[in-house]
1. Which percent of the accessible heavy-atom area of region A:437-497 goes to carbon and sulfur, probe 1.4 angstrom?
2. Can you tell me which of A:26-35, A:210-219 comes out highest on packing, and rank the rest after it, using the mean Cβ neighbours within 10 Å?
3. Can you classify region A:608-688 as rounded, prolate or oblate using the Cα gyration tensor, where a ≥ b ≥ c are the square roots of its eigenvalues, rounded means a/c under 1.5, and otherwise it's prolate if a/b beats b/c and oblate if not?
4. With the Cα gyration tensor of chain A giving a ≥ b ≥ c as the square roots of its eigenvalues, does the rule (a/c under 1.5 for rounded; else a/b larger than b/c for prolate; else oblate) give rounded, prolate or oblate?
5. From the square roots a ≥ b ≥ c of the eigenvalues of the alpha-carbon gyration tensor of region A:5-73, which class results: rounded (a/c under 1.5), prolate (a/b over b/c), or oblate?
6. Mind pulling the angle between the C-alpha long axis of helix A:217-227 and the longest principal axis of chain A? Nearest 10 degrees, somewhere in 0 to 90.
7. Which value, in debye to the nearest 20, gives the size of the charge dipole of region A:230-420 about its Cα centre, when Lys and Arg are +1 and Asp and Glu are -1 at the Cβ?
8. Treating the angle as unsigned and between 0 and 90°, give the value, to the nearest 10°, between the Cα long axis of helix A:398-410 and the longest Cα principal axis of chain A.
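The values are calculated or read from the model by the stated rules, or taken from the named source; none is laboratory data. All figures in this text were calculated on a predicted structure; none of them were measured in a lab. Every residue, glycine among them, receives a Cβ derived from its backbone with ideal geometry; neighbour counts consider all protein chains shown. The accessibility values were calculated without ligands, DNA or RNA, using every heavy atom of the protein model including side chains. Shrake-Rupley method; radii C 1.70, N 1.55, O 1.52, S 1.80 Å.
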Amino acid sequence: MDRYEPQQIEAKWQRVWEDARAFYVSNPDSPEQAEREKFYMLEMLPYPSGNLHMGHVLNYTLGDVVTHYRRRQGFTVLRPMGFDSFGLPAENAAIRGGGHPREITERNIAAIRAQMHRLGWAIDWDREVSAHQPEYYRWTQWLFLKFFEAGLAYRKAAPVNWCPNDQTVLANEQVIDGRCELCGAEVESRNLEQWFFRITAYADALLDDHATIDWPERTKAIQRNWIGRSEGAEVLFRVEELDLDLPVFTTRPDTLFGATFMVLAPEHPLVEQLAAGTEQEAAVREYVKHTAARSTVERETKEKDGVFTGRYAVNPATGEPIPIWIADYVLMEYGTGAIMAVPAHDERDFEFAQRYGLPVVRVVEPAGGTAEESEGAFEAHTANERLVNSGQFSGMPAPEGARAIVEWLGERGRARPAVSYRLRDWGFSRQRYWGCPIPIVYCRECGIVPVPEDELPVLLPEVKDYRPKGIPPLASNQEWLHVPCPRCGGEAVREAETMDTFVDSSWYFLRYCDPHNDSAPFDRAIVDYWMPVDQYIGGIDHATGHLLYSRFFVKVMNELGFVGCREPFAGLFHQGWVRLGGSKMSKSRGNVTAPDQLAEMYGADAVRLFILFMGPADQDMEWTEEGVEGIARFLRRLWRIVNEVSAEAPRDGAGDGPLARKTHQTIAKVSDDIGRRFVFNTPIAAVMELVNELAPATNDPAARQAAETVVSLIQPYAPHIAEELWERLGHERLWEQPWPVADESLLERETFELVIQVNGRVRDRVEVSADLPEAELIERAKASPRVQAQLDGKEIRQAIVVPRKLVNFVV
RNA sequence: GCCGGGGUGGCGAAACUGGUCAUACGCGCCUGACUUAAAAUCAGGUGUCUCCUUUGGAGGCGUAAGGGUUCGAGUCCCUUCCCCGGCACCA
């Protein structure tokens, strides 16, 4: 028998699959084909950082197992791959002098593609797309224009993360603990004109449609949290002197009688008007200026401070004037940017009131009975409260009081029920080079003008220096920047900012369906055939980013009539982190184990098996190469035994002996684990068990069937060795063989091992026929000498019989 | 602080709806076979304590800790401890 040479057979079969176009799949082009049962298997596309790490290997091997399993179950499986190829790392490499970001990126893509081929993943490479290719980003731009026309992409001034060192806007995910991910400088908040997608208009749809998708509960919880829907009321506070109304949002309108002052965010547009002409004017201006200079970290960690505006508003419930303050613990981005402060029942307001000596009025108390007079103290909310000190509403339970007060003020137009969200609109402009240009022109006469569709793509221009210097790098190319206005022909400049890369990845799964379409982003009929993605696999770190954005994009595209589905990902699974020394593997941490070396040493099949055998795929795992030897040993053992069986084992028969039964039990176990439970480590153990039983029984009449089953079941994990052994067993093209089905009659046992317990402790086990009645089982149990010894002289008070399992005597 | 995930052998982990001496499968370790030797391979052993008429057998204790429900709990309930991750002035 020849030796197991993984490198050799892996190269051989990868060539065979490629020649046979084994994993390429066509779009339906006839009604019959459209009837095929489809399965869209997708893993989050990689950022081409240069090398795959074990986290990628886990992610894509999981997808690969599912792909093979579903294919062999008869589904037409779409399993594409692409690259999230715009983004900062390539640009930073370019800044360091590594060449053009495009060259760096394409070099990296080539390297990763080669690694992916080496691992033998079943991918339809004809559908590969990369975000940075003009054929792709042309349609990213086209979609932007559609969103813009629909009023869902707009410009506004908003606070953004600004790195004073790199002179650029940073995405939230580039800010770690208030510092720039790249240079470590403290991030400032700056008010800049930015592009936004109106994702907040879809907040309720994003929440409600959770009911329609099969996602992990915790991922939905994270999104719910992030969207942060709060129900409450908007209440108007009157400023008589200036003849204006200040709206506030509150979730506790029942505490309105306890509102003893108001607080506005320093950025509130009315701050200046309020303070004007009061003796506080200078102090207010000073505070606003001071706040603007504060870093985000400082603003969030310092003790609360603020300043009186010199104005008073009328509490609409009490009719009393209350002072209006400004303080930066109130955020302009949430609610109305102004609050009614109820220091008796809100910790933050209390802290503020203490510091500035503002009055504290208690307006709710626990329903159980009167807590002793605690005037002037903070009192946390409790489950059952009723109103006090609240005029005609005193005595009401809090929720009822809230409704009544809103209704009462509503009659005079001073309050209405309102909903507020934590979710903000998605700011997607980046003052960076390596991203998708935003197809917009600013004209002196016409203002914001979209680039006409037939002029797309707006190609990313060449620039001399990628370094951001406060203005986007694209703006440094004067020739590119200045264009005639598409509308009036007058002088105009291009938008020089680029899009967040999350825009690119919000629709790539649609492009895969129809990747070569050059007259539209995709054909709706084709997309409607494949979508939604049946199984999506990727990290949970994208819960509030990519996964939320993609859901938003699909909802908009659905409403614009581009796609039939309302949700992109029907099923979702998160693989755990592969850690090294406690932190997750990533290029930026430099703790990457390249799978290449491992594949070189042990073969791709060993790497694939090993990463899935390490533990449950959805749990984090600490990377160690200890144990990979065991997998290599298993493969050699498999090789030897199957070769032996192929040469020696009898050709016919299988019978219903122990090996035949074990074979069918293993089929049932593996199918259930992959198909229903979505666990991937235990099937490997189950196949190992079967191999262990087969090893000493290669002459068993069931040996050949057992060997074939082992090879067939391990194929999704280790497709190369499986294919080779399948051939040696005298068969062809395992990749398209139907998935084995367990023979039910061999799963049902005629006899079973009856467990006999005394007081819940196992005392003996006897082999009995499966069809014995309960009474007979009890008799058999009593007959056991070991049980006799335990029962000795004691009285049996009860006998519990679990059919086909056990008898338990209670004495 | 809040939310989520965990805590089982020297290690990675099994035990899926409470029911077969809990620890499958693999790693590591120990013993033996093969070998000049090593590697590889193969066979066997491997929670812990106690006892016995000791090539074998019997029993006690063991799933972070304590309590509860149950004929029976790693699995369900309560309390506590520890580890990991995420969010954190959102009115």
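1. Ligands and nucleic acids excluded, carbon and sulfur give 51 percent.
2. Per-residue mean Cβ counts within 10 Å order the peptides as A:210-219, A:26-35.
3. It is oblate, given that a/c is not under 1.5 and a/b is not larger than b/c.
4. It comes out oblate by the Cα gyration axes.
5. Working: a/c = 2.19, a/b = 1.40, b/c = 1.56.
Taking the square roots of the gyration eigenvalues as a ≥ b ≥ c, region A:5-73 is oblate.
6. Helix A:217-227 sits at roughly 10 degrees to that axis.
7. With Lys and Arg at +1 and Asp and Glu at -1, about 200 debye.
8. 40
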